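A quick write-up on the structure given underneath.
The values are calculated or read from the model by the stated rules, or taken from the named source; none is laboratory data. Since the structure is predicted, the reported quantities are computational estimates derived from the model, not experimental observations. Neighbour counts are summed over all protein chains in view; Cβ atoms, including those assigned to glycine, are modelled from backbone coordinates with ideal geometry. The accessibility values were calculated without ligands, DNA or RNA, using every heavy atom of the protein model including side chains. Shrake-Rupley method; radii C 1.70, N 1.55, O 1.52, S 1.80 Å.
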Amino acid sequence: MQPPVKNGFNMFLGNSTEWRLSNGPAYLNSPPAYIEPESVTLDPSRAFLKDVKRLIVKVGTAVVTRSDGRLALGRLGALCEQLKELNSRGYEVILVTSGAVGLGRQRLRYRRLANSSFSDLQKPQGEFDGKACAAVGQSSLMALYDTMFSQLDVTSSQLLVNDGFFRDAGFRKQLSDTVHSLLDLRVIPIFNENDAVSTRKAPYEHCPQDSSGIFWDNDSLAGLLALELKADLLVLLSDVEGLYSGPPSDPNSKLIDTYVKEKHQKEITFGDKSRLGRGGMTAKVNAAVCAAYAGTPVIITSGYATDNIIRVLQGDRIGTVFHKDAHLWAHIKQVSAREMAISARDSSRRLQSLNSEERRKILLAVADALEKNLSLIMEENGVDIADAELAGLEKSLISRLALKPEKIAGLVKSVRMLADMKEPIGQILKRIELADKLTLERISCPLGVVLVIFESRPDALVQIAALAVRSGNGLLLKGGKEAKRSNAALHKVITSAIPETVGDKLIGLVTSREEIPDLLKLDDVIDLVVPRGSNKLVSQIKESTKIPVLGHSDGICHVYVDKAANIDMAKQIVKDAKIDYPAACNAMETLLVHKDLSETGGLNQLVAELTKEGVELYGGPRASGLLNITKTSSFHKEYSSLACTIEIVDDVSAAIDHIHQYGSSHTECIVTEDPEVAETFLRQVDSAAVFHNASTRFCDGARFGLGAEVGISTSRIHARGPVGVEGLLTSKWILRGSGQVVDGDRGVTYTHKELPIIA
């Protein structure tokens, strides 16, 4: 038998595969592929995973079915794909599944509907016998698993058991022998309770740790099998992320990372039972405690994610661990997402209470600390670079990862520039006299707590942290894993410069991606999320939180070369906009050219300039035919590489219409010597940044003189374009009176007079 991969875990990636089931919808999912890491240090509470060879996975009715009772084919497909990969890697995989009763009920309802007359349907319809549903559903469920596994070239087998069987020592031995034979043949055994003929009428009350008690549901069956079959791990898949301290819907409930019976048994408040099955979290915890304390570790995690079994074995900190030695583990205090956010908020309020000069000195201290710790930063960054090269990452990514002395010097300069900027907090934006001796002021103030999720650029951490200090905000940072050591070093250096009167918790560094979902739920503490990275990342964040998100999903920037353009200037702008940094969000992705330039030779010169630089060109309907280049699949395309789309348009109005239809409202440029055409473009294009005769690459916070930027926003609410200090501020109203009361507006004579702003 092929042994499991090193350390017993793998990384999950994927490409698209289609599942098509007869009379059912298509299921699209990414089948797993694995890359074995060279060295990974497991969290102490996950260290036992390196020895896992045999595991049991239990999937419940709430995971197997959708909210309408129909089968969740997508989740089932993802489950089968994960088990197939584990099986092919040498893991011995056993599946315990629920869902037969629900599937049988669905089929019987359909059959009754098909066989009923209209008058029959007007009569009250009774519920189906549960055992009849089980009998019908068991064969259907197994047929579905068999179809899915067969498409993955995996053989599965069905084993139906009853609670009473386990009282028979002969049965238990035969069961063990059969399962061992199946596993030796690389067959995946699929267990289910035989509800159709079960005589059980009372819930199980015995803990299966003595291997003689009966079971009540498939959770307890899975726990019992884990002991009988000597499994190394039991994974219970639920419809929530794990065990919470209270109902998961309660915002005050916390996900429990490691269950300690002595601590948690009396603290947990359970919510409702399963919406469809017999179990629920209470049943899972009972089964998990019994199995874990008898020697089989258990992890409860969500079955809604398509890769959680893989991530469990990879050692990711997801779900809730049950282990007999959990109470002995020397736990490092885990700061919850809420505690981290609240600490940042409290520190930001202390920062705001300082005067302008005190806040300025903090930034100067940060700059000094970066200079003094240059060798430490370079050393840690060197380790990240070496790891990235060993992992075979692209050169462009490694280049972004590198912190050279000149780059750090530039960061230090930008921090000092921010320190010398005009004080942004408490600026009076508007003054109004409401009535005699009743003055209203609107003043600038920090947003509160900002969560920034950024790509693998450690220099971004310094820029964002400096902006947070200057704007008086608390900050939570989550950087790319490739820059883990660099980010940790920079965070340590920066927070060491923050005085105790403010507290180093002002800037929190999130080190695990598993913490992000919890942070995104904290709309009562975190005020803004700024995702910096791929359009996929930004879209996922927007879909996952109620917190306002500042960012852009795409960077589809256009350059329009008008018929009145200086072609030599146009060539330089187009070249710079595309090749200066092709992966940047402000790089040109579409070149629009006036139709007259195709006759005067200007179009050919632009094409030659790009081709000379190795840019791959794709054409729209007009350009592809004229230039004999590949037709683009979509005008709404962000290449982020040495490639772009080119199209011919009739005039500036057509260019504007094209940008509005296919653009992403990021940055657009017109190249022309006609001032009237230029003004038309500048006024009518509805994007965050619109340029005349200048490269789109100028859309950057540092180049705009903002000192730095947390990102670029294409939103029309709050900040737009490069977001510097001002984008991290909001305002509040200050009313200064002398005892006035409303009293039905009888005692006040309103003047509503604009007053001069006092500097």
Of the residues that make up the stretch 722-737, is at least one among the aromatic types (Phe, Trp, Tyr) and over 23 Å from Met569 (Cβ atoms)? yes
Among residues of the stretch 531-540, those that are open to solvent by 30 Å² or more (accessible area, probe 1.4 Å) and farther than 30 Å from Val652 by Cα, counted: 6
Can you name the residue in the stretch 721-759 that is surrounded by 11 or more Cβ atoms within 10 Å (Cβ to Cβ) and small (Gly, Ala, Ser) and is also farthest from Ala702 (Cα to Cα) among such residues? Gly737
I'd like to verify a number: residues in the stretch 573-624 that are in contact (Cβ under 8 Å) with a residue 60 or more places away in the chain and of a type in the set (S, T, N, Q), how many? 2
Restrict the check to the stretch 541-551 and report whether at least one residue is in a helix (DSSP H, G or I), over 20 Å from Ala460 (Cα atoms) and either open to solvent by 60 Å² or more (accessible area, probe 1.4 Å) or touching a strand residue (DSSP E or B) at 6+ places or on another chain (Cβ under 9 Å) (or both). yes
When every residue in the stretch 313-340 that is among the β-branched types (Val, Ile, Thr) and buried (at least 23 other Cβ atoms within 10 Å of the Cβ) is compared, the one modelled with the lowest pLDDT is Ile318
Step by step: first the residues of the stretch 552-569, then only those that are in contact with a helix residue (DSSP H, G or I) (Cβ under 6 Å, 6 or more places away or on another chain) and acidic (Asp, Glu), then the one that is most open to solvent (accessible area, probe 1.4 Å). Which residue is that? Asp554
Of all residues being part of a helix (DSSP H, G or I) and at pLDDT below 80 in the stretch 208-247, which is farthest from Val96 (Cα to Cα)? Just the residue, please. Asp210
Selection from the stretch 396-408 of residues without any contact (Cβ under 8 Å) to a residue 24 or more places away in the chain and either touching a helix residue (DSSP H, G or I) at 6+ places or on another chain (Cβ under 9 Å) or under 24 Å from Gly705 (Cβ atoms) (or both) yields Ile398, Ala402, Lys404, Glu406
Could you grab me the full set of residues in the stretch 589-615 that are open to solvent by 30 Å² or more (accessible area, probe 1.4 Å) and either at positive phi or touching a Pro at 6+ places or on another chain (Cβ under 8 Å) (or both)? Gly614
Hey, among Lys437, Lys430, which residue is in contact (Cβ under 8 Å) with a residue 24 or more places away in the chain, open to solvent by 30 Å² or more (accessible area, probe 1.4 Å) and touching an Asp or Glu at 6+ places or on another chain (Cβ under 8 Å)? Lys430
Filtering the stretch 665-717 down to residues that are closer than 14 Å to His558 by Cα, in a loop (DSSP other than H, G, I, E, B) and open to solvent by 20 Å² or more (accessible area, probe 1.4 Å) yields Ser665, Asp686, Ala688, Asn693, Ala694
Which residue, of Leu374, Leu364, Leu370, Leu354, is hydrophobic (A, V, I, L, M, F, W, C), in contact with a Pro (Cβ under 8 Å, 6 or more places away or on another chain) and either within 30 Å of Lys422 (Cα to Cα) or open to solvent by 30 Å² or more (accessible area, probe 1.4 Å) (or both)? Leu374
Evaluate the following for Ala100: is it buried (at least 24 other Cβ atoms within 10 Å of the Cβ), among the aliphatic types (A, V, I, L, M) and modelled with pLDDT under 85? yes
In the stretch 570-587, is there at least one residue being under 38 Å from the mean Cα position of the chain (by Cα), among the basic types (Lys, Arg) and open to solvent by less than 40 Å² (accessible area, probe 1.4 Å)? yes
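Looking only at the stretch 157-178, filter to residues that are hydrophobic (A, V, I, L, M, F, W, C) and open to solvent by 20 Å² or more (accessible area, probe 1.4 Å); which one of those is modelled with the lowest pLDDT?
In the first step, residues of the stretch 157-178 are kept if they are hydrophobic (A, V, I, L, M, F, W, C); the result is 159-161, 165-166, 169, 171, 175.
Next, from what is left, pick out any that are open to solvent by 20 Å² or more (accessible area, probe 1.4 Å): 159-160, 165, 169, 171.
Details: Leu159: 90, Leu160: 87, Phe165: 78, Ala169: 86, Phe171: 88.
Going through the qualifying residues, I end up with Phe165.
Condition first: among the charged types (D, E, K, R), under 26 Å from the mean Cα position of the chain (by Cα) and surrounded by fewer than 13 Cβ atoms within 10 Å (Cβ to Cβ). Can you find one or more residues in the stretch 459-470 that meet it?
no
Which of the residues spanning the stretch 619-635 are in a helix (DSSP H, G or I) and open to solvent by less than 30 Å² (accessible area, probe 1.4 Å)?
Taking the stretch 619-635 first, the residues in a helix (DSSP H, G or I) are 621-627.
Within the stretch 619-635, Ala623, Ser624 meet the criteria.
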Pairing a residue in the stretch 302-317 that is in a helix (DSSP H, G or I) with any residue that is open to solvent by 10 Å² or more (accessible area, probe 1.4 Å), where Cβ atoms lie under 6 Å and the two sit 6 or more apart in sequence or on different chains, gives Asn308/Ser302; Ile310/Phe12; Arg311/Ile318
Note on Lys422: of the conditions (1) in contact (Cβ under 8 Å) with a residue 12 or more places away in the chain; (2) of a type outside the set (Ser, Thr, Tyr); (3) at negative phi, unmet is (1)
When Arg350 is evaluated against the numbered criteria (1) touching a helix residue (DSSP H, G or I) at 6+ places or on another chain (Cβ under 7 Å); (2) under 22 Å from Ile526 (Cα atoms), which criterion, by number, is the only one it fails? (1)
